[in-house]
Every structure is written in structure tokens, then in C-alpha cells.
Amino acid sequence: MKLDQFLKWQGWVATGGEAKQLIQSGQVFVNGSVETRRGHHLSSGNRVRLGTDEAVFVGNASTGP
């Protein structure tokens, strides 16, 4: 799953455009590092954080902290 799709799937953003803005502005972290590529493909076990929200990508599903 791509990072921008994951943000939408989690309900953290309403649109792809909103996801794009947050990612490109450096507000999204993957495994503790800023990720600015909205098309970044997540791997199982990746931890994604936006603000105080954090989730772990698990294949086609995820879980919160």
C-alpha cells in the first residue's frame, strides 16, 4: 500500500490532496524518519506516525499502538 493511501485508509485525512500536502511538508514519519514521498510503498511492520497518531502497517491491515 502507498503511504498516501494508508493515511486515507486510517481516516487521518479525507482526501488524497490532503495526504499529499502533509507528506510533502514533512509531517509524516515512517519508522521514525520523515517520509516526503507520497508513493512510498509500505512494508509489513512499518510504523507510520502523523502528529500524535501512530499505526503499524500489517500487510493489507494495520493496528494502532
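The values are calculated or read from the model by the stated rules, or taken from the named source; none is laboratory data. From a predicted model like this one, the values you see are computed outputs, not experimental measurements. Don't worry about glycine lacking a Cβ; one is built from the backbone with ideal geometry, like all the others, and counts go over all protein chains shown. Note: accessible area is taken over every heavy atom of the protein model, side chains too, but ligands, DNA and RNA are not part of it. Shrake-Rupley method; radii C 1.70, N 1.55, O 1.52, S 1.80 Å.
May I ask you to list pairs of residues, at least six apart or on different chains, whose Cβ atoms are under 9 Å apart, with the first in the stretch 26-47 being free of Cβ contacts under 8 Å to residues at least 12 places away in the same chain and the second being open to solvent by less than 70 Å² (accessible area, probe 1.4 Å) and in a strand (DSSP E or B)?
Val34/Val28
Considering only strands (runs of 3 or more DSSP E) fully contained in the chain, which possess at least 2 residues that are open to solvent by 50 Å² or more (accessible area, probe 1.4 Å)?
Details: elements: 28-30, 47-50, 53-58, 61-63.
In the chain, the matching strands (runs of 3 or more DSSP E) lie at 47-50, 53-58.
Between a residue in the stretch 1-18 that is free of Cβ contacts under 8 Å to residues at least 12 places away in the same chain and any residue that is open to solvent by 70 Å² or more (accessible area, probe 1.4 Å) and part of a helix (DSSP H, G or I), which pairs come within a Cβ distance under 8 Å, given they are 6 or more apart or on different chains?
From the stretch 1-18, the pairs are Ala14/Lys8; Thr15/Lys8.
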